[in-house]
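Here's the structure, in C-alpha cells; my notes come after.
The values are calculated or read from the model by the stated rules, or taken from the named source; none is laboratory data. No experiment lies behind these values; they were computed from the predicted model shown. FYI the Cβ positions are ideal-geometry reconstructions off the backbone, even for glycines, and counts take in every protein chain you see.
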C-alpha cells in the first residue's frame, strides 16, 4: 500500500506536466492592502479556477493559444474582469473593492463545495463570528466552532474542542503556522483568540492534507491580519468581560504595515484593591492578549512578516499584616500561565509557478506558581516556586509548485526542537532559627528534536475526478530512542453532478506530546509531556466518506459525512493519581496504551452569503475508550461521548445598520459514572483517617460503589441565544452596540452530577452553571 | 486552595445564580456482597465488622450482618472462630496477632458469596529521635501558626515498608482532637499527593529513602491560646504522635479512602472528578482486612509565651 502511494506521488507529477504560460501574483483588498485568502482566479477559456493561498498568492497556468480573459471574485468583494492584451506577461496583482464599507472584510471560499479539494473542513467567516451570540458578547472562535457538527465543547462554558471523539489535547492550534499549546482564559470561559486580530480561521476534522501533522483529531488554522498598508485605522471596544483595542496602518504606504491588538480583563484589576479594603489579603485576577504583526513588501517576489503573540492569566494574592510578634510580614502568592509566540516569515516567489514560505518561530507555554513570604524584622524569608513549561523552536519551509492548471504539488519540511520542562519546584528558606534550605526537586528537563517532511499532490483528472494524495513523514528522537512515522494522506473527490460530489479520505496521524490535565473547568495547570520509549506516540487512523452539494446557485452548501476513527497509545490518569504526586516517573501515574474508537455521521447545511446566513448542523456520534486497568479492561464511553447534537445558527442583516442573530443548540446527555451501591467503611481508632469523633473507637464513613464507567447519561443540554448588533456612522468612525442574551429561556443544563446526603439518604443532584445572561458591548471602529 | 478561593470570588455573580437540582433516576440492581472491615495489630484481639452492600437509595435496610461465620487462620492454619457481639462486630476470644505472622479471614454466609482476605503484621518502627519545635512558621496566607514535628527513624532495607503518621492534641482534661496535615516541605510527604487533601492521617512508603535513616519533618498547625499583655501564649498541651508501621493493604486502603471521600465532594469549579473506586483486598466482597503495628508517643508542651 505504502509503495503504491509512493509510486503515485512520483508518477503523477510527470504524467500531468505540460507546457503553459503562467501568470501569478497577489490578491489584496484595495482599501486596506490586506491579502485576500481563497479568492478565485477564473480563466474563461479553460474554465480553470485557482485559489489564492494563505498569503494571497495565486498561480494560474494558461495554454499559449488561449485568450487572457480572467475573472477574480471573492465573497464580499466586487468581481473584477480583465482581458489582458498581451501574453508577454507573467505577474498580475489584483486589488478587489469591498462590497460593503460598513462591514468587516468578508473572507470566504466560494468555489462550490463539490469542487473543493478538501473535506471535513469547517470555516466561519470572521464577520459571521462577530455576530454569533456569545456569553458577555465576547466573540470567540473556539465557541463558534463548538456550534459546528463533529465538535464538542466538553463542559458548558469551556473553550476546549473535542473533535470526533478526540481529547482536548488532540487539536493542533496554529496561529500563523505556529502551534499554541494553551488556548483558554478565565478557566476556559474565553479563548485566547482576539477576533479583532483574526483574518481567517478554519478547522479541519479529517482528510488532513499532508502539510499538517502532530495531533490526532483536528487542525485549527488561525491567520492574523497583516495590517492596513494604506491608512491608519483602529478599533476600541468595551464589554462586560473584556476591553479591546486594535490599531493598524502603514509604516511605509503600500510597502509595510503593522497591526497591534490588545485585549484584557479589566474588571479583574479592580477586584484586588476592593478585596484589600475588606481584608488584609488582596486577591486579583486578570488576563490579557497582545497580538502584533509587521509586514514588509521588499518587492513583488519577496515579503517579510513578523508575528507576535503573548497572553497570560495572572492570579495574585498579596498579604500585608503584623504577625503575632508585631512584626510586619508580607506574603505574595502568584500564579501565571500562558503562551508566548514569535514568528518571522519570508515569502519568496522563485518564479510564477513556485512559491515558498520560510518560517522561523518560537512558541512557549508555561505555568508558574510562586509563594513568597518575608518577615524583615525576624529576617525570615520563604519561597516556593513550581514551574512547568514546553518550549519549541521551529524552522519550517513550505513550497507550492503549480505544475499545471490541473496539478499542484506542495512540499516542505518542519524541524522542531522541543524543550520540555515537565515540572520542578524550587524551595528556599532563610531563617535565623533554622539552617538555610535551598533546594530544587522535580523532573529533569527533556530535549527532543523532531523533523517532518511532507509531499502533497493536488490534481484534477478529467472533469469528474480530483484529489490530494500525499505523505507526511516524521522522525522523532528522545532519550536514545527514535520514532519514525510515515503517514499516508488520501483525499479523492468524484463529481456526481455539476453541483454534487462524493469525497473519500483516509488519513493517519501521530501525536508525540501528551497533555496531563484535569477534565474540569478550573484547572489552570496544563502539563505537556513527551512521548518516550515507555510512552510511545499516539496514533490515529480515520476513514471518511462524504456527499457534498452546492445549492441555491452556490449560496449554500450541504455536506453529509460519515467517519470511522481508531486511536491507540492513548493515556489517562490512573485512578486517584495527580500530577504533583512525585514518583520516579510520571509514567507511574498514567494508564498507557489505551485505545479509542469513534464513529459518526455529520450533516451541515451552511449558507455563507446573502441577508440570511448561518447553518444547521447535526451529529450522530459514538466514542469509546479502553484501558487495561480501567473499567476492568472493558471499553467504556468517552467522557464527552454525545450521541446526538443539533445546532441552528442564523444571522440576518436587516439593513446596513442592524443585524440580528440567534442560535439554538441541543445535545443529548454526556456520559457519567453513576453511584449505585454504598457500604460502611471503618477506620482505625488510632488513626482517625478522615474524621475524628472522640470517645469512639470505630468511625464510619460511607463508601460508594459505581456502575460501569461512564455508563449513565446526564440530561439533555439545550439552549437558545440571541444578539443584535446596531451600527451607526459617527464623526470618528463606526459605532457598534451589541446586545446579547445567553440562554434565553433560562434552561438549567447539567454541568455535573454529584451525590449528597439529604434527609438521611444519599441522593443524586445536578449542578447547573449559566442561567439567562444578558450582556452589552460597545465598540468604535475608526 | 487559594486559586479556588480566588475563582470563587471573581465569579460570585455566576455562583449566585447557578443552581442545584435533585434528580430522580432508576438504579440498576446491585450484587449481593459482604463487606468486611478489620484493622488488626499485635497484642489486640481481632475485631471484625461484617456488613453488606446496599443500594445507594436504600435508607431502610441495615448494613449489619449478624449471623455470619468468621474464621481466622494463622500462617495457613485454622486459629479461631470469631464470636458475634453486637452492631456487626465479631471478636476473637484469645487470638492476638503476632509480628510477622500471616492471617487469613474467611467469612461465610448462606445469602452471600464466601469471602477471603489475607495480610501480614508489620514490624514496629525503630524511632531514633522525636521532638517538636514550637512556632517555626506563621503563614499570613493561611492566617495560621505552624510548628514542627521531627522524627528520625531507621527504615528496614530488606523490604518495602509503609508508614502512617497522625497527630493529636490533648489540652488538660479535654478529649484529644486530631490535627490535619495542611503544609509540609518534606519531600516524602509531598510525594504522597495527600497533603493538599488535608488528611488527618498521612500514609507513605520508603520508596524515596529505602533502607536509610530518614529524618521526617513536617508542620502541624496549632493556633495560640490567646494573649497576655499582648504577648501570645500557648497553654500546656500534649502532642500525641501516632507513628505506625502499616501493611501495603493498610496503606492503599487509607490512601484511596482519603481520595474517595474527597472525590465525593464537589464544587462549581472542580466539578466532580472521575469516581475513584475504593481499594479493597477482600476477595468476592468489599472492605479491608489489614494489619498495622502501632507506636504512640506523647510529647508535652509546657505553658509558654511565644518562643519564636
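Scanning the stretch A:134-157 for residues that are modelled with pLDDT of 85 or more and touching a strand residue (DSSP E or B) at 6+ places or on another chain (Cβ under 8 Å) yields A:140, A:141, A:142, A:143, A:145, A:146, A:147, A:148, A:149, A:150, A:151, A:152.
Here's the yes/no breakdown for (1) closer than 21 Å to residue B:123 by Cα; (2) surrounded by fewer than 20 Cβ atoms within 10 Å (Cβ to Cβ); (3) within 17 Å of the chain's Cα centre (by Cα):
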| position | (1), (2), (3) |
| --- | --- |
| B:161 | yes, no, yes |
| B:176 | no, yes, yes |
| B:180 | no, yes, yes |
| B:191 | no, yes, yes |
| B:197 | no, yes, yes |
| B:202 | yes, no, yes |
| B:205 | yes, yes, yes |
| B:209 | yes, yes, no |
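Considering the stretch B:15-50 alone, what residues qualify as being at the interface with chain A (Cβ under 7 Å from one of its Cβ atoms), at pLDDT 90 or above and within 14 Å of residue A:704 (Cα to Cα)? Result: B:35, single match.
Note on the stretch A:214-255: residues that are part of a strand (DSSP E or B) and under 30 Å from residue A:414 (Cα atoms) total 7.
Are any residues in the stretch B:219-230 part of a strand (DSSP E or B) and facing chain A (nearest Cβ under 9 Å), and if so, which ones? If the condition is that a residue be part of a strand (DSSP E or B) and facing chain A (nearest Cβ under 9 Å), then B:227 is the only one that fits.
Residue selection: residue B:118 fails the criterion of being surrounded by 14 or more Cβ atoms within 10 Å (Cβ to Cβ), away from chain A (no Cβ under 14 Å), without any contact (Cβ under 8 Å) to a residue 60 or more places away in the chain and within 23 Å of the chain's Cα centre (by Cα). Restrict the check to the stretch A:418-439 and report whether at least one residue is at pLDDT 95 or above and buried (at least 21 other Cβ atoms within 10 Å of the Cβ). So far as the stretch A:418-439 goes, no, none of its residues is at pLDDT 95 or above and buried (at least 21 other Cβ atoms within 10 Å of the Cβ).
So for the stretch A:414-422 (the condition being in contact with a strand residue (DSSP E or B) (Cβ under 9 Å, 6 or more places away or on another chain), assigned by TED's automatic domain parsing to the domain that holds residue A:211 and over 30 Å from residue A:455 (Cβ atoms)), does at least one residue qualify?
Just the residues of the stretch A:414-422 that are in contact with a strand residue (DSSP E or B) (Cβ under 9 Å, 6 or more places away or on another chain), to begin with: A:414-422.
Subset that is assigned by TED's automatic domain parsing to the domain that holds residue A:211: A:414-422.
Still in the list and also over 30 Å from residue A:455 (Cβ atoms): A:421-422.
Yes, because at least one residue in the stretch A:414-422 is in contact with a strand residue (DSSP E or B) (Cβ under 9 Å, 6 or more places away or on another chain), assigned by TED's automatic domain parsing to the domain that holds residue A:211 and over 30 Å from residue A:455 (Cβ atoms).
Report whether or not residue A:241 is at pLDDT below 90 and within 29 Å of residue A:776 (Cα to Cα). Yes: the conditions hold for residue A:241. With respect to residue A:778, determine if the residue is within 14 Å of another protein chain (Cβ to nearest Cβ), part of a strand (DSSP E or B) and either over 27 Å from the mean Cα position of the chain (by Cα) or closer than 30 Å to residue A:232 by Cβ (or both). No.
Listed residues A:615, A:664; which is surrounded by 21 or more Cβ atoms within 10 Å (Cβ to Cβ), touching a residue at least 12 places away in the same chain (Cβ under 8 Å) and assigned to a strand (DSSP E or B)?
Working: A:664 fails: surrounded by 21 or more Cβ atoms within 10 Å (Cβ to Cβ).
Exactly one of A:615, A:664 is surrounded by 21 or more Cβ atoms within 10 Å (Cβ to Cβ), touching a residue at least 12 places away in the same chain (Cβ under 8 Å) and assigned to a strand (DSSP E or B), namely A:615.
Scan the stretch A:223-238 residue by residue and report those that are touching a residue at least 40 places away in the same chain (Cβ under 8 Å) and within 16 Å of residue A:780 (Cα to Cα). Steps first, answer last, please.
Residues of the stretch A:223-238 touching a residue at least 40 places away in the same chain (Cβ under 8 Å): A:223-230, A:233-238.
Across the stretch A:223-238, the qualifying residues are A:233, A:234, A:235, A:236, A:237, A:238.
One residue stands out in the stretch B:264-300 among those that are part of a loop (DSSP other than H, G, I, E, B), closer than 26 Å to residue B:33 by Cα and in contact with a strand residue (DSSP E or B) (Cβ under 6 Å, 6 or more places away or on another chain): the one that is modelled with the lowest pLDDT, namely B:275.
Can residue A:564 be described as more than 17 Å from residue A:532 (Cα to Cα) and modelled with pLDDT of 80 or more? Can you show your working first?
Values: more than 17 Å from residue A:532 (Cα to Cα): yes; modelled with pLDDT of 80 or more: yes.
The answer is yes for residue A:564.
Here residue B:166 fulfils each of the conditions (1) surrounded by 16 or more Cβ atoms within 10 Å (Cβ to Cβ); (2) free of Cβ contacts under 8 Å to residues at least 24 places away in the same chain; (3) under 30 Å from residue B:234 (Cα atoms) apart from (2).
Return the only residue of B:215, B:233 being more than 16 Å from the chain's Cα centre (by Cα), modelled with pLDDT of 90 or more and not in a loop (DSSP other than H, G, I, E, B). Steps first, answer last, please.
Numbers: B:233 fails: modelled with pLDDT of 90 or more.
Answer to the check: B:215.
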